[in-house]
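FYI, it's all coordinate maths here, none of it is from the lab. Nothing here was measured: the structure is a model prediction, and the numbers come from that model. As a convention, Cβ positions derive from the backbone with ideal geometry for all residues, glycine included, and neighbour counts pool all protein chains shown.
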Amino acid sequence: MRITELMERSVPYRLVGVSALEVFFRMPAGAVSTIETTAGIVELATIFDHVDFPGLPGWDALVRLDGRRILVRSVERFGEADGPTAHPLNTFSWDPDRRAFADPTGLYESLAEARGRLMTPAKSPVADTDVEPVPVDGMDGLTAAIIAARFPLVPAGYPRDVPTWSPEPGAPGLWHRLILEQILTGRFAWRGLDILYRSGYVEEALPELAPMNRTDHSKEGHPEGNVWRHSLETLKYRKTPAFSVSLALLLHDSGKPFAEPDGHRRFNAHAEIGADLARKLMERLEMSSEEISTVGWLVRHHMMPGALERLPDHRRDPIMASPLFPQLLEVYRCDLSSTFRGPDGYYRACRVYRRYLKRARHNRDEHRVRRLVDLYVE
């Protein structure tokens, strides 16, 4: 990733931590990037059109650039060993001008060996089951979770030994939102979330979600066990690591621990309960109104695709008319794929939806819907 706004002004900067590792493992830049620069706070405000100073722990500014977020740390000189670069993996950096890595703690050799084993022709592309342990002393639970979510790397000793991590008291909701985004948009998001839970972070920072790990599922339908494990399992089946869909998958059954049984329905109205819980959680994490509306809608209606064939047109057509419906089908597909039921219900729902699109050409012709249909609808 090259930041032209800084390069055009000859302002030195370097990618650090996760962003440097993305270069090292030849992966595209994530939705949240991390950099250090010698530009001061005032200078940053003159360079970028959209820069905020929200008081995030360890970072001085948050820049919004071309639909992405860049966490910025302003330093007098590179190589300072405090703040977010205090542990070894986050001292690993990439200088785009010199096209060189800085490795003050001697990680390069072990990282290069891991990259060599993972990126040989026989293992290209990296499979979801490929993983390399990284023996890094002093890595906290947050770093371990983000690294494990975005790269085929886990801390040595995982899953038996996971470092603990507690957020700083009073950290703004935006900080936790950025953490979730970095993890959920990672290719191996389920591993990162597993480490977050084992580290104690979920219990402390996202207490609304902690009961999911204490709510058992029926073993006949859910081989993975409880609601939390099921939600993590769904993330393995995503076609893309899109944030809204990934967050909806994490939250789609979040209402089950709070649902009351009603006859044969053990988790009656859990979708509605989950949608309300998701909305309150996202508001606390300072997410945008569009994100709150999108994810809340996906959670509320996540069971609807399974009923399409049984519903009359006046009940199902308003749901299928939503431009979010292709994403809802993706949530449904991932949900089914993590159970014993298999994907047949998803294919039936796709057929019903395609018949609807033939009748409602205005939806089919909209560019955004057309793109999502091509991506998510069989």
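A few remarks follow.
- Couplings for segment 251-260, taken from phi via the Karplus curve 6.51 cos²θ - 1.76 cosθ + 1.60 with θ = phi - 60°, read 9, 4, 10, 5, x, 4, x, 10, 8, 9 Hz in order; Gly and Pro are left as x.
- Of the residues Pro172, His252, Trp190, the one whose Cα sits farthest toward the positive end of the charge dipole of segment 142-278, with +1 on the Cβ of Lys and Arg and -1 on the Cβ of Asp and Glu, is Trp190.
- The gain in end-to-end length when the Arg355 to His50 segment is fully stretched comes to 105.5 nm, 0.36 nm per residue minus the alpha carbon separation.
- More than 23 Å apart - percent of Cα-Cα pairs taken over segment 190-305: 24
- The average projected area of the chain, computed from the convex hull of its Cα atoms over all directions, is 20.4 nm².
- Euclidean distance between Cα centres, segment 148-211 to segment 294-315, Å: 31
- Taking other C-beta atoms within 10 angstrom as a stand-in for reagent exposure, Leu250, Leu324 fall in the order Leu324, Leu250, fewest first.
- Proxy reagent accessibility, fewest Cβ within 10 Å first, across Val63, Val23: Val23, Val63
- Max mean-square fluctuation residue, GNM over the chain, Cα-Cα springs under 10 Å, options Tyr346, Tyr158, Tyr197: Tyr158
- Remark: the Ala307-Glu113 segment gains 64.8 nm on full extension, using 0.36 nm per residue and subtracting the alpha carbon distance.
- Candidates His176, His314, His270, ranked by Gaussian network fluctuation over the chain, Cα under 10 Å, top entry: His314
- Across Asp335, Asp313, Asp60, mean-square fluctuation computed from a Gaussian network of the chain (C-alpha pairs under 10 Å connected) peaks at Asp313.
- Gain on full stretching of the segment that runs from Ser289 to Ser10 - 0.36 nm per residue minus C-alpha separation: 96.7 nm
- Amide H contacts of Ala61 (H built 1.01 Å from N, under 5 Å, at least 5 apart or other chain): Val72
- Ranking Ala145, Ala205, Ile292 by Cα position along the charge dipole of the chain, where only Lys, Arg, Asp and Glu carry charges on their C-beta atoms, puts Ile292 farthest toward the positive end.
- Of the beta bridges in the chain, as assigned by DSSP with both residues counted there, near 65 percent are antiparallel.
- When Cys350, Cys334 are arranged by Cβ crowding within 10 Å, least crowded first, meaning fewest neighbours, the order is Cys350, Cys334.
- Magnitude of the charge dipole, the chain, Cβ model with Lys/Arg +1 and Asp/Glu -1, debye to 20: 1880
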